[in-house]
Every structure is written in C-alpha cells, then in structure tokens.
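The values are calculated or read from the model by the stated rules, or taken from the named source; none is laboratory data. For clarity, every value in this text was computed on a predicted model and none was experimentally measured. So basically every Cβ, Gly included, is an ideal-geometry build from the backbone, and we count neighbours across all protein chains shown. Please note that ligands, DNA and RNA were not included when accessible areas were found on the heavy atoms of the full protein model with its side chains. Shrake-Rupley method; radii C 1.70, N 1.55, O 1.52, S 1.80 Å.
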Amino acid sequence: MKAFPLLRHVSAVLALAALGAPAANAADDWPRAKAITLVVPFAAGGTSDILGRMIAQELGSTLSQTVVVENKGGAGGVLGADAVARAKPDGYTLLLGTIATHAINPSLLPGINYNAAKDFAPVILLGSISNVLLVGAGQPYKSVQEVVAAAKANPETIAFGSAGQGTSQHLSGEVFKQLTGAHLTHVPYRGSAPAIQDLIGGQIPSSFETALVALPYVQSGKVRALAVTSAKRTAVLPDVPTMQEAGVSGFDVSSWQAIYAPANTPSAVVDKLNKAIAGIVAKPEVSAKMQGLGLAYTPNSPAEFASFQAGEQSKWAKIIADGKLKAQ
C-alpha cells in the first residue's frame, strides 16, 4: 500500500515528460517536416522582396528544405507582419521584417493588431540601407534646396511618394519636412515598384526610395537622385551627397531589414535560424551581393537584435511624437 504514492509520483513525472516531448521533438526535427514560408510584407520588386528572395534561396540550400516567399503587402507592412504574428510558432513561418513593421508603425499606427516587441521572436538583423530623395527626370529640381524653396513658396503643392504608410521612405519624408520646414504632401503606395513607376510617369514629382531600388533608374536617367538620407554616403550611389552635405543639418535616417519568427518559437529553432543565416551572409558571394544592395551587415545574436529593435522603437516613437505625426 505504501508503494502507491511513489508510483503516482513516478507516473506524474512521466506524464510531464511526455507533455514536453512534442515541443522538444519538434525543435529537433525542424526543418524536416515541411516547407518554410518567408512572408515579405511588401509588393514584389522592392528592397524587401529582392533581399527576401535571395535569403530564401540560400536558406533553402543550407537547410535542405524548400523556402517559399509569400508577398503579403499592404498598410506599410502591417498586413504581412500581423499574419506572421498569428502564425503557429513552429519555425515554419518567418517574416522579412523592417524598420516600418517593427520600429515606426507601432507608434505611427497605434491601432495595429500586433505588438512589435511581444508578438515576435527576433532572429537576425540583416543590415541597414540608405534612402534617397528622387525627382522625376522631367522635373525642374536639380538640388535639395530647389525642392525646399519650391515647397515653401507653394505649400502642399509638391508631393512625395513612398513605399507605404509608416515605411522608412515615408518617415524620411516626414523628417525632411521637420528639418527644412518644407510643406510636402505624402502619397503612400503599396510598395516601392508602383511608387517608382508613378515617379517615372510624372504622376508624382518626387519620392523617397531605398538606394537599391533607385539605382537602376538613376543610372538610366529616368530619375535624378538629389541626396541620400544616411549620415554617410552609400557605396551604391557614391556620387550622391548626403542630406547633411546638401544643407539639411542633423538628417540621418537608414532603413533596416531583418528576420523574425512568431513569439514562442522554440529557442533552439531561433538559434538554428540565426546560425544558418549568419553563415549565409558571411559567404563571400552573398556578402558581395548584399553590399551591392547597399546593405551593411554586422554579426548579431537574437538577443543583440532584440536590444537594437528596442532602441529603434524608442527613437521613432520620439520622432513621431515630436512631429505630431499621424497616419493619413
């Protein structure tokens, strides 16, 4: 009779172990069970899409598993990010997150359904890239100061396009307005590709865009690059001055790209992803491609990336509050 309590104790321990086994086995089996989906929360053709497809191809080879890119654009990246936040945290759904989805939109769009700090597991920061102020080839503006003068002389008559509400392109324009006093009207698009096409077609006179997307159009003469938004010039457009060099003191905005998983994804899976992607971007041929995209990468762990994101959220919360910026 006295043995029964001991047997009950042993049974309870075994039951608890069995409950923990599926999660452990799932992490051990990852990524053999099925294909991985990488959600890009913007339309095809932009920086996030180009980078996402490159990482997906390399990650598929590294993991010996198919990695499918799914473009889910809309609302400045909110729709795609929200879908991943609600996905099963098993490592088979990932997000190509950006400064927009995880640093800007949480303050600019307080009604979004996801919590950027709590609903995701940061995997790895892929790098940062400068934006650039562009004008159409048919526009008269040859310098930043000419745009500022025209916008001040005729407030709200000059529009600037962006890849979407809350994107770094949008906020580059808002910071431009704050620092110069130029009154421009924001026109958000569902990604970089439609914005650049309207710029070329003359539907909008100016746009802020990533240096990567801008490069071929600048080289072909379809648009003119007036200044980059980072504190230093970018290797992608080395002859284009910075905003500070163009007379806009204190201007320093860089976009960034990263990989996230849903919150509660097993830490073992997150660590495997971080190690695999870090190995990919360290390859000489991939590193060269990323530099060609204008991306500057620094090795980072999930914890280091989480700390970086927290700092970015605080930075943009202040800029948005100080500028009294609201979603249009």
Considering only the chain, what is the antiparallel percent among its DSSP beta bridges, to the nearest 5? 60 percent
Shape call for the stretch 217-328 from the C-alpha gyration tensor, a ≥ b ≥ c root eigenvalues: rounded (a/c under 1.5), prolate (a/b greater than b/c) or oblate? oblate
Any idea of the accessible area per residue across the chain, 1.4 Å probe, to the nearest Å²? 43 Å²
Helix 144-153 versus the longest principal axis of the chain: what angle, 0 to 90°, nearest 10, using Cα atoms? 70 degrees
In the set [x] 95, 42, 29; [y] 55, 49, 38; [z] 56, 43, 41, which value of Cα extents along the principal axes in Å was calculated from the structure you see? [x]
Report in % the part of the accessible area of the stretch 154-238 that belongs to carbon and sulfur, leaving out ligands and nucleic acids; probe 1.4 Å. 54 percent
Which value, in Å² rounded to 10, gives the accessible area of Lys72 with a 1.4 Å probe and all protein chains present? 70 Å²
Can you list the aspartates and glutamates whose alpha carbon is less than 16 Å from that of Lys283, not counting same-chain residues fewer than 8 positions off? Glu58
Dipole moment magnitude, nearest 20 debye, the stretch 195-316 about Cα centre, only Lys, Arg, Asp, Glu C-beta charged: 220 debye
Take the eigenvalues of the Cα gyration tensor for the stretch 122-281, scale each by 5, and report the square roots as semi-axes in whole Å, largest first. 32, 16, 15
For the stretch 145-207 and the stretch 66-137, compute the distance between their C-alpha centroids and round to whole Å. 22 Å
Report, in degrees rounded to the nearest 10, the 0 to 90 angle that the Cα long axis of helix 47-63 makes with the longest principal axis of the chain. 30 degrees
Tell me what the chain gives for mean residue ellipticity at 222 nm when only DSSP H runs of n ≥ 4 count, each as -39,500 (n - 2.57), the sum divided by the residue total, rounded to 500 deg cm²/dmol. -14000 deg cm²/dmol
In degrees, nearest 10, the alpha-carbon axis of helix 3-29 is tilted away from the dominant principal axis of the alpha carbons of the chain by 30 degrees
Rounded to the nearest 10 Å², what accessible area does Val67 show when all protein chains are kept and the probe is 1.4 Å? 20 Å²
For every other residue with a beta carbon closer than 15 angstrom to the beta carbon of Ile99, add +1 if it is Lys or Arg and -1 if Asp or Glu, then tell me the sum. -2
